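Student: My questions will all concern the structure given below.
The values are calculated or read from the model by the stated rules, or taken from the named source; none is laboratory data. Keep in mind it's a predicted model, so treat the numbers as computed, not measured. With ideal geometry, Cβ positions are generated from the backbone for all residues, glycine too; neighbour counts draw on all protein chains shown. Please note that ligands, DNA and RNA were not included when accessible areas were found on the heavy atoms of the full protein model with its side chains. Shrake-Rupley method; radii C 1.70, N 1.55, O 1.52, S 1.80 Å.
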Amino acid sequence: MDRIDDIGMRTGETALYDPVRDDAETRLAIPLRAGDGLDKHTRLQLRKEEQRIAKKYMSTPQQMRIYTVITVGCFLAWLSFFPLTMLDILPVWPCFIASCVFAAGGYITSHEAMHDNIGRRGTKYRFWNELVGEISTIILIFPFSMARMMHLHHHYHCNHPENDPDYTDEAPSAFKAWIKTWLNRQPGADGSIHHYKRVLERIGTKGAQKALRDTMMLQLFSMAVFFTMAWSGFAIEAALLWWLPRHIGLSYIRFWLSWAPHHPRDGHGRYENTRVFRTWFGKTWVGHWMSMGMQYHIVHHLYPGIPNHRTKYAYYELKPVLEKRGVDCSAL
Amino acid sequence: MVYNTLSAMQSFLKKLFFVMPFLFGIGFIAPLIAQSMAEFGWEAPWGLSLIAFGLLIGAPWGLYATVRGRWV
């Protein structure tokens with residue numbers, strides 16, 4: 001009985017196996033209730049089932065080509081907005097809206113590159129993986145080296161108050177979370193990229209030093225572009241094509257990719273550190289696109305090799321297994 | 001020698017980033033205010049030029065952000 005108590009059985013509950021009552025019911029490894037009290041055998045079986053399903057949805061270089069095409073296309077379009085708006089060939093407002101979409105969406109493609117989903121190390125697709133990562137987040141003034149290191153750190157230490165670099169995004173409500181995305185970017189705040197810099201300094205490895213150097217260079221470069229454009233008479237273009245889209249994009253991704261799937265950031269286990277959530281648009285495709293697929297973020301944390309566009313389908317197939325593991329899947 | 005140079009460079013960059021909000025106020029916000037006012041056809045008060053008015057807002061605002069650590 002001691003062993004059973006250790007795994008959370010309450011006094012008086014049916015034991016996992018009772019040799020006295022040797023019938024079909026007691027032969028079950030465990031009654032599969034809300035995920036508590038699973039024995040090792042059941043966990044193993046569930047994990048095998050989970051892995052079998054996840055394997056079907058893992059990224060392949062062929063299906064990830066679209067990420068490369070979209071990223072390179074959007075980056076070239078964004079670059080072209082500068083001369084085209086400065087020469088009055090294109091109006092700046094539609095380019096501003098497109099730049100905001102590129103800023104927020106760029107993180108998604110970069111995110112795939114962070115997990116090597118576009119091209120694994122040692123393969124011929126690796127170049128494209130690194131290219132996508134490097135150019136996707138330039139608009140956010142957020143170098144890939146820093147983004148990758150901080151994101152992988154987030155996976156290793158998810159929801160840890162000290163070691164999860166994204167923990168500073170936590171807020172008690174959605175409204176306050178939006179406000180906090182902006183407050184965290186204030187010059188004296190210890191949030192967002194400021195916090196990342198501090199974490200990288202603490203890590204102190206060669207990779208961390210490179211990430212800090214890349215960040216400094218990208219920040220100096222962007223400031224030089226802003227100042228030069230502004231004093232050359234193109235301040236509005238600089239503001240609407242880069243400065244404002246960056247702020248809007250950063251707030252958007254910090255809310256949808258960090259706060260929403262991890263709130264209230266009190267779970268630390270494999271099945272507790274993310275949540276399945278529903279947006280204000282219910283189960284419609286609007287919520288799926290608006291959250292950029294983050295409603296199914298648990299699938300990403302369990303299997304980062306599943307690309308963003310397949311997490312939804314993987315989630316619905318994994319749902320019975322997740323429920324048995326105690327994940328609250330009632331939202332979707 | 002190399003270490004001293006790197007150390008001096010690091011110190012310079014830290015100071016540069018510390019005063020970056022102030023530089024941003026002068027380098028970006030001031031001309032942005034001036035050009036936005038021009039776009040909307042607004043005049044600067046007290047007979048100031050648009051860029052002078054922009055600097056009058058941008059420089060103290062940047063200084064405030066540098067000292068206080070936040071823009072508002």
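Student: Tell me which residues, restricted to region A:218-239, are more than 10 Å from every other protein chain (Cβ to nearest Cβ) and closer than 29 Å to A:E170 by Cα.
Tutor: Hits for region A:218-239 are A:L218, A:S222.
Student: Going by the conditions given, is A:H195 open to solvent by less than 40 Å² (accessible area, probe 1.4 Å) and modelled with pLDDT of 95 or more? Working first, answer last.
Tutor: Details: open to solvent by less than 40 Å² (accessible area, probe 1.4 Å): yes; modelled with pLDDT of 95 or more: no.
No; evaluated as a whole, the condition is false for this residue.
Student: What's the number of the only condition in (1) farther than 22 Å from A:K55 by Cα; (2) buried (at least 19 other Cβ atoms within 10 Å of the Cβ); (3) in contact (Cβ under 8 Å) with a residue 60 or more places away in the chain that A:I306 fails to meet?
Tutor: Tallying (1) farther than 22 Å from A:K55 by Cα; (2) buried (at least 19 other Cβ atoms within 10 Å of the Cβ); (3) in contact (Cβ under 8 Å) with a residue 60 or more places away in the chain, A:I306 fails exactly one: (1).
Student: Evaluate region A:111-131: report whether one residue or more is under 29 Å from B:G69 (Cα atoms) and either in contact (Cβ under 8 Å) with a residue 40 or more places away in the chain or more than 14 Å from the chain's Cα centre (by Cα) (or both).
Tutor: No, every residue in region A:111-131 fails to be under 29 Å from B:G69 (Cα atoms) and either in contact (Cβ under 8 Å) with a residue 40 or more places away in the chain or more than 14 Å from the chain's Cα centre (by Cα) (or both).
Student: In region A:269-303, how many are open to solvent by 40 Å² or more (accessible area, probe 1.4 Å) and either in contact (Cβ under 8 Å) with a residue 60 or more places away in the chain or of a type in the set (V, I, T) (or both)?
Tutor: So the count comes out to 2.
Student: Looking only at residues in region A:238-262 that are buried (at least 23 other Cβ atoms within 10 Å of the Cβ) and not hydrophobic (A, V, I, L, M, F, W, C), which one is nearest to the chain's Cα centre (by Cα)?
Tutor: Result: A:S258.
Student: Do we find that A:G207 is among the small types (G, A, S) and open to solvent by 30 Å² or more (accessible area, probe 1.4 Å) in this structure? Full working, then the answer.
Tutor: Working: among the small types (G, A, S): yes; open to solvent by 30 Å² or more (accessible area, probe 1.4 Å): yes.
Yes.
Student: In this structure, is A:S222 at positive phi and hydroxyl-bearing (S, T, Y)? Quick ask: steps written out before the conclusion?
Tutor: Numbers: at positive phi: no; hydroxyl-bearing (S, T, Y): yes.
Taking the combined requirement at face value, the residue does not satisfy it.
Student: What residue, of A:R310, A:R270, is outside the structural domain of A:G106 (by TED's automatic domain parsing), over 12 Å from the mean Cα position of the chain (by Cα) and at pLDDT 95 or above? Give the steps one after another, and end with the answer.
Tutor: On the way: A:R270 fails: at pLDDT 95 or above.
Exactly one residue qualifies, and that residue is A:R310.
Student: Still on this structure, please answer the following. Just to be sure before I move on: is A:W243 in contact (Cβ under 8 Å) with a residue 12 or more places away in the chain and within 30 Å of A:V299 (Cα to Cα) in the structure I sent?
Tutor: On the way: in contact (Cβ under 8 Å) with a residue 12 or more places away in the chain: yes; within 30 Å of A:V299 (Cα to Cα): no.
Taking the combined requirement at face value, the residue does not satisfy it.
Student: Right, A:L200: touching a helix residue (DSSP H, G or I) at 6+ places or on another chain (Cβ under 7 Å), under 30 Å from B:E39 (Cβ atoms) and in the same structural domain as A:H153 (by TED's automatic domain parsing) or not? Walk me through how you get there before you give the answer.
Tutor: Values: touching a helix residue (DSSP H, G or I) at 6+ places or on another chain (Cβ under 7 Å): yes; under 30 Å from B:E39 (Cβ atoms): no; in the same structural domain as A:H153 (by TED's automatic domain parsing): yes.
No; evaluated as a whole, the condition is false for this residue.
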